[in-house]
Amino acid sequence: MTKPRLVMTRRFRPAVEQRAARDYDVVLNPDDRVLSPQDLVAACMNADAVMACHSELFGADVIRALGPRLKIIANHSVGTDHVDLAAAAAAGITVTNTPDVLSDATAEIAMLCMLGAARRGAEGDALVRSGQWNFWSPDFMVGRQVTGKRFGILGMGRVGQVAAERARGFGMQVHYHNRRRLPAHLEKGAVFHDSLESLLSVSDVLSLHCPATPGNDGIINARTLAMLPDRAIVVNTARGMLIDEDALVQALQSGRLFAAGLDVFRTEPGGNPALAALPNVFLLPHIGSATEETRDAMGFRALDNLDAFFAGREPSDRVA
Ligand code: DGY
């Protein structure tokens with residue numbers, strides 16, 4: 001039987017590529033370069049399926065140009081904001097994602113961002129590396145302790161729920177705002193806020209875990225930042241577009257915010273030079289899911305979705 005032809009847009013983990021090669025006629029991107037929209041269309045022209053990451057943009061124009069053979073976009077990501085889902089549905093293209101398997105890893109990075117920001121991790125690391133660490137005193141590099149503080153979660157989905165568990169481990173009180181209140185067994189004592197404003201007013205640490213929908217673009221901006229308690233900390237491991245970065249820079253520069261811990265930016269790769277110039281920001285290069293275990297699991301989950309699709313079953317993670 002002829003194997004379906006599968007374009008793999010990036011280099012994936014070796015075990016993932018090996019399994020793909022067993023079951024599919026695989027077209028690799030040997031140089032692992034980001035495919036432009038034109039390259040993406042050309043690569044997919046004679047393919048039945050594509051396994052893609054958030055680095056490939058499937059806007060409406062790309063989707064309309066994909067050609068009739070392409071039947072499924074299996075994303076190696078939980079976020080699907082890089083795919084125009086309505087255009088895919090209109091074109092009869094199935095779209096899947098990889099939920100659950102990256103929740104632990106991403107929540108770990110949220111904790112790293114929180115602690116890096118609260119305890120001045122970037123400043124401390126830079127000081128020791130520079131060879132300029134020649135001083136110690138009781139008031140040296142004093143940060144903010146998170147124990148006993150309020151951890152505010154915007155978006156209590158899978159990642160938000162694991163972040164809540166981790167924050168409880170640090171002795172924090174968990175608060176959240178979500179479109180729907182969670183049942184008690186998932187809420188686990190977290191305090192539900194029925195408005196964003198109410199959540200912001202109590203968040204000593206605000207951690208973003210909501211999807212990058214058009215309605216959430218810039219949801220953290222000058223107006224909403226002003227609602228946080230004085231010297232709060234902002235953590236973002238979701239998507240850069242959730243934050244108005246100019247407003248964040250201002251709030252950090254003025255001292256209204258104590259610090260920020262950011263794994264995602266409006267411009268990726270690269271980040272935001274104005275944020276990078278500030279001492280009270282802990283920065284990472286979008287590595288929320290970047291562990292060996294998780295990247296293997298994401299690849300296998302994307303392949304599970306493809307296998308189901310080509311076996312005539314409903315893929316478990318279909319989003320369009
Ligand atoms: C995701 O899965 O959405 C992560 O951000 C990695 O792409």
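The values are calculated or read from the model by the stated rules, or taken from the named source; none is laboratory data. Just so you know, these numbers come straight off a predicted model, no measurement behind them. Cβ coordinates were reconstructed from backbone atoms using ideal geometry, including for glycine residues, and neighbour counts include every protein chain displayed.
Of all residues in the stretch 263-320, those satisfying the criterion of being assigned to a helix (DSSP H, G or I) and away from the ligand (no atom under 16 Å from the Cβ) are PRO273, ALA274, LEU275, ALA276, LEU306, ASP307, ALA308, PHE309, PHE310. Among the residues of the stretch 3-29, those identified as farther than 26 Å from ARG64 by Cα and either part of a loop (DSSP other than H, G, I, E, B) or of a type in the set (Asp, Glu) (or both) are PHE12, ARG13, GLU17, ASP23. Entry remark, the stretch 89-109: residues being in a helix (DSSP H, G or I), crowded, with 22+ Cβ neighbours inside 10 Å and away from the ligand (no atom under 12 Å from the Cβ) number 1 in total. For the stretch 182-196, the count of residues that are under 19 Å from PHE258 (Cβ atoms) and either basic (Lys, Arg) or out of contact with any Cys (no Cβ under 9 Å at 6 or more places or on another chain) (or both) is zero.
Residues in the stretch 61-86 that are part of a helix (DSSP H, G or I) and over 17 Å from ALA212 (Cα atoms): ASP61, VAL62, ILE63, ARG64, ALA65. When we screen VAL202, VAL235 for residues that are in contact with a Cys (Cβ under 8 Å, 6 or more places away or on another chain) and surrounded by 15 or more Cβ atoms within 10 Å (Cβ to Cβ), the only hit is VAL235. In the stretch 237-250, the residues that are free of Cβ contacts under 8 Å to residues at least 60 places away in the same chain form Cβ pairs under 7 Å with partners that are assigned to a loop (DSSP other than H, G, I, E, B) and buried (at least 24 other Cβ atoms within 10 Å of the Cβ), at six or more places apart or across chains, as follows: GLY240/VAL264. All of ASP230, ASP244 fail the test of being farther than 21 Å from HIS175 by Cβ, more than 16 Å from the ligand (Cβ to nearest atom) and assigned by TED's automatic domain parsing to the domain that holds LEU115, apart from ASP244.
When ALA238, ALA260, ALA251 are screened for being at pLDDT 95 or above and part of a loop (DSSP other than H, G, I, E, B), only ALA238 passes. Scanning the stretch 84-120 for residues that are within 30 Å of LEU278 (Cβ to Cβ) and under 13 Å from the mean Cα position of the chain (by Cα) yields LEU102, SER103, ASP104, ALA105, THR106, ALA107, GLU108, ILE109, ALA110, CYS113.
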